[in-house]
Amino acid sequence: MDHFTYCKIGLKRLIILFSEFRKIYKQKFTFVVHLMGHKKLIRFNAINTFENVLQYPENMPGQWNQFFKNEHPIVLELACGRGEYSVGMGRQVKDKNFIGVDVKGNRMYNGAKIALQEQLSNVGFLRIQIGNILNYFAPGEVDEIWIIFPDPFLRDGKAKNRLTHPKFLAMYQQLLKPGAKINLKTDSPELFQFTIDTVQEQGCEVHVLQHDIYAKGPVAWPLSIQTYYEGLHLADQRKINFISFSLPEKPIVIPPKKKKEDGQ
Ligand SMILES: C[S@@+](CC[C@H](N)C(=O)[O-])C[C@H]1O[C@@H](n2cnc3c(N)ncnc32)[C@H](O)[C@@H]1O
């Protein structure tokens, strides 16, 4: 056999090996994706049976005290994910009701399951799009809002999706009691600065403004509660920031939509 034939055989074997490897990888990948999908499905079915989870409910404005069977103040955790703040605060503060709000049912499954196991009757979960939140609360029905590591929506065109955009503050203004606090914890410097600017522009009252909350050591409860995303950000050496503010009495001004430049 000449040198050229050797090379040809070698190359053929390499191609076969590569295609076998690809097949195995594809099978394993499909299996993992299938497993993930299966887990999500189990969780979606489970939360359908959880009495502490409401998904896109009707006729809830003004009814939350009936849901909790008491007249205690209502605190919302927006973008709650697994609901660590609702569960953590609900464990300690029995004379308030906590509602974790998120659109992702498979995430809130975690917090809802813990709340059920621990019989935290003052903790509930609401699965909705936060943009529709006014369909679920009556004016002045809410006493405080926590927004914990919301998606920062960094692209300029997406700023309107930030949960501290004036569009959202105007909604919060309707459902919050006058002077109620809004608390934001974020790792995103861009979202934090955007919020500081918005709060200033809208004439909000700032109660606490802290860059890098752990710079001087551990922080006080409830800020010390750490969520799944906070764990990821801390492992990534990211700084965590916090702001607590109240909305002004005057209506929030929503900036007009930016017109697209010609040719864009
Ligand atoms: C980065 S995760 C943070 C989750 C949790 N707070 C944590 O710290 O682990 C952001 C969460 O916000 C939710 N979210 C973002 N925008 C939302 C919206 N408009 N309505 C409902 N949920 C939203 C997402 O589904 C996601 O669970």
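What follows draws every value from the coordinates through simple rules; no lab data is involved. What you see is a predicted model; the values in this text were computed from it and never measured. Positions of Cβ are backbone-derived with ideal geometry, glycine not excepted, and every protein chain shown enters the neighbour counts.
Take every DSSP beta bridge with both residues inside the chain and express the antiparallel ones as a percent of the total, to the nearest 5. The answer is about 30 percent antiparallel. Think of the range 52-246 as having a plus end and a minus end, set by charges on the Cβ of Lys, Arg, Asp and Glu; of N52, L76, I145, N52 sits farthest toward the positive end of this dipole.
Remark: the Cα gyration tensor places the range 133-264 in the oblate category, a/c being 1.5 or greater and a/b not exceeding b/c.
The GNM of the chain, with springs linking C-alpha atoms under 10 angstrom apart, assigns the highest mean-square fluctuation among D212, D143, D102 to D212.
Taking N as the residue count of the range 128-192, its C-alpha radius of gyration divided by 2.2 N^0.38 Å amounts to 1.13. With the simple model of a label 7 Å out from the Cα in the direction of the Cβ, L209 to Q92 spans 2.5 nm. How big, in percent, is the set of alpha carbon pairs in the chain lying more than 24 Å apart? For the chain, the share of Cα pairs beyond 24 Å comes to 57 percent. Note on the chain: GNM, Cα springs under 10 Å; of L78, L17, L126, the largest mean-square fluctuation is that of L17.
Roughly speaking, what is the stretch gain from I42 to L154, that is 0.36 nm per residue apart minus the C-alpha to C-alpha distance, in nm to one decimal?
Residue separation times 0.36 nm, minus the Cα-Cα distance, leaves 37.0 nm.
When the pairs K94/K177; K39/K104; K96/K239; K113/K216 are compared against a 23 Å limit on Cα-Cα distance, K96/K239; K113/K216 fall above it. Amide H contacts of L126 (H built 1.01 Å from N, in plane; Pro and chain starts excluded): L54, G100, V101, D102 sit under 5 Å, all sequence-distant by 5 or more or on other chains. Free of any trypsin sites (Lys or Arg not before Pro) that DSSP assigns to a loop and that have at most 12 other C-beta atoms within 10 Å, the longest stretch within the chain is 1-68.
Mind checking the angle between helix 3-49 and the chain's longest principal axis? C-alpha axes, 0 to 90 degrees, to the nearest 10. Helix 3-49 sits at roughly 30 degrees to that axis.
Neighbours of K158 by Cβ distance under 14 Å: Lys/Arg scored +1, Asp/Glu scored -1, total +3. Computed over neighbours whose Cβ is under 14 Å from that of N48, the net charge equals +3, Lys and Arg +1, Asp and Glu -1. Here is the list for the range 36-132: GluC sites (Glu not before Pro) lying in DSSP coil, each with at most 15 other C-beta atoms within 10 angstrom of its C-beta, are E51, E58, E71, E118.
Please work out the FRET efficiency for the pair K239 and L14, using the Cβ-Cβ distance as r and a Förster radius of 41 Å; give the result to the nearest 0.05.
On the way: r = 48 Å, r/R0 = 1.17.
Here the calculated transfer efficiency is 0.30.
Full extension of the chain between L232 and A220 yields a length gain of 2.3 nm, computed as 0.36 nm times the residue separation minus the alpha carbon distance.
According to the calculation over all Cα-Cα pairs in the range 203-264, the P(r) per 5 Å bin from zero is 4, 12, 17, 15, 11, 10, 13, 11, 5, 2, 1 %.
Of all aspartates and glutamates in the structure, those lying under 13 Å Cα to Cα from K250, and not within fewer than 8 positions of it along the same chain, are E201, E205.
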